[in-house]
């Protein structure tokens, strides 16, 4: 408000925020009006000029505001002295948060274009700050009006399906200042002592390092360590941290604030040398924090129903939770393809990832609902919302028990059409769940998972052991192993790939062909693991050119002959390609001439067709597997593959969706591969309909032009066929959320 007042001079600049609970605009800040009006004056959603700005979602610039028919006068504000009016909506992620207003004392005049543009800029910059602040307040239990806030929701991307109700436990990686939570100091003297010990320990570390390097560095280079030690003097960084601790902030939080202040200060300087000092400050901050955190998180108290929350979850964090107490996961960073998400699906733990504008540190100890179906979390749920989601949990448990009887029955339609159901796996925990659900093989084994759980490339023998476990578990059924697929959102800590646009960069087959030493070792391990079982199939990811297939086949045949010469009695495995790039959709016949089978990776294909990063919550609403272009592409792939005489399967989220599975079966896909948890529901639906019915449904939806209409049409068909219970959530949340709203 003060910034606007300074820029426009002789103006007032009130800020009205839209309260989600009451759907009214409340005067929350002002420069120039009576301060006693703040928090007291409010307007209905469409009332007054403020309501008009909000409903139109665009600036309104008036020369004489009182003469406008929508003008609303509040005597308690003192605004009768002002005539000119400029109102700009504050919008964040398509949601109107409020309205920023300026009014001028002078005679009537319209604000000029430059002033209007300036206010639009200010409102855009305010939007993110207000959204974060509003969310923080709501999580703390207060709405804008000071009333209790309930059912505070945040949107992310689904990481693992299911619903969990529990209490949040916030964890954070060691020595990461950015994610240190804000906490008051319970014992100031204790915090001062901890910080004093950390400073002493870091000083000793630096002195030891300098001593070790004395013979290898010149005096001017050794002077760097003196700089570090001076920065750790009582009058420097530690003095400021101690001051903040005495103000009531715990040591880690005080350190974070001081280091971030120093870093911002150095980074704004024009001198390059001084800018580089920000790196030194960060390094010192991490060193101090690592000592402060020693043993600090080992004593975390995990409730009986723990929802683990972190800026970025790691597998090690999951392992710290006592067995049987982990019910849900929430990660601000990460994607549905990250290692943690894969592990969560294998463990059957509902997960939401990729949240934005969420003050994660405020969720510690809060009751949380994790909706892994929709990619939402709810903090401080009302009794109605808790009951709603508890019913979903109970329904899921009952449904799973009811579907167990289908495990050994074939997946066959009522008119005798057979479609094998396979599973996507990555860990041995997947295998146990898959076998218990009646899977007929593995349609996608993610070989990158064994690479992700190590701090180096696994040896040939280690890989061979991983692959043998999978092949033995499903023998004689086929096990399709995808060669190493890293890049994009799947990276290895010991083989980092830094790119401006990783999804259009160095990933999949592009990486392994550039590093044949990795590819050859992996294929050799696969072939040796298949000895005596001969149920191995090899699949190549991220294919966009015929040359990639030919080069890969050359290497595979080379390894095959080498392994045979070593004395292994193996058969040449079937080799297939993944269709997940639009270019491959138009080369099906050429690809089919060179390989034994094709498999559509529907997740990536959808992403690339729609130019939408499926892991980005900001555009998640644009990612839709039922998009007409996606369905048309899938139809074309199936037709062209069969015309070339080659089988085609599909592995992706669409195959695990009961409605999507029906459409894919109708298209003629020879196998459907999915997460183990989805398999019983898909089998139940397919066994209860005829293929003729599914083909008619496909013809109907291919005439539609909206993904949302197509999804509604498929859902309606499922409900009419008696499968409404498979649509999650099974009923509308609107009743449970009556009178409640998102922050």
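Taking other C-beta atoms within 10 angstrom as a stand-in for reagent exposure, 699, 366 fall in the order 699, 366, fewest first.
If R0 is 60 Å, the Cβ-Cβ spacing of residue 555 and residue 264 corresponds to a FRET efficiency of close to 0.75. The simple spin-label model puts a point 7 Å past each Cα toward its Cβ; for residue 243 and residue 533 those points are separated by 6.5 nm.
Label-to-label distance, residue 94 versus residue 302, with points set 7 angstrom from Cα along the beta-carbon direction: 3.8 nm. Counted residue by residue at 0.36 nm each, then reduced by the alpha carbon distance between them, the extension gain from residue 333 to residue 231 reaches 33.4 nm. Segment residue 415..residue 73, full-extension length gain: 115.9 nm, with 0.36 nm per residue of separation and the alpha-carbon distance subtracted.
Spin-label pair residue 347-residue 703: with each label point 7 Å from Cα along the Cα-Cβ axis, the two points sit 4.9 nm from one another.
What FRET efficiency comes out for residue 594 versus residue 621 if R0 is 45 angstrom and r is the Cβ-Cβ distance? Round to the nearest 0.05.
0.70
In plain terms, the residue of 712, 599 with the fewest other Cβ atoms within 10 Å comes first and the most crowded comes last, giving 712, 599.
Test of understanding: what is the full-extension gain from residue 201 to residue 129, defined as 0.36 nm times their sequence separation minus their Cα-Cα distance? Each step should come with its number before you reach the end.
On the way: separation 72, 0.36 × 72 = 25.92 nm, distance 3.77 nm.
Gain on extension, residue 201 to residue 129, equals 22.2 nm.
R0 = 22 Å: FRET efficiency of residue 286 with residue 500, Cβ-based, nearest 0.05? Once rounded, the FRET efficiency stands at 0.25. Based on DSSP, what percent of beta bridges with both residues in the stretch 407-726 are antiparallel, to the nearest 5? Percentage antiparallel, nearest 5: 10. Each of 695, 538 was scored by other Cβ atoms within 10 Å of its Cβ. Arranged with the fewest first, they read 695, 538. The value given for the stretch 604-715 is a Kirkwood hydrodynamic radius of 14.5 Å, derived from the mean inverse Cα-Cα separation.
None of the figures in this text is laboratory data; all of them are computed from the coordinates on show. Not measured: the values here are computed from a predicted model. FYI the Cβ positions are ideal-geometry reconstructions off the backbone, even for glycines, and counts take in every protein chain you see.
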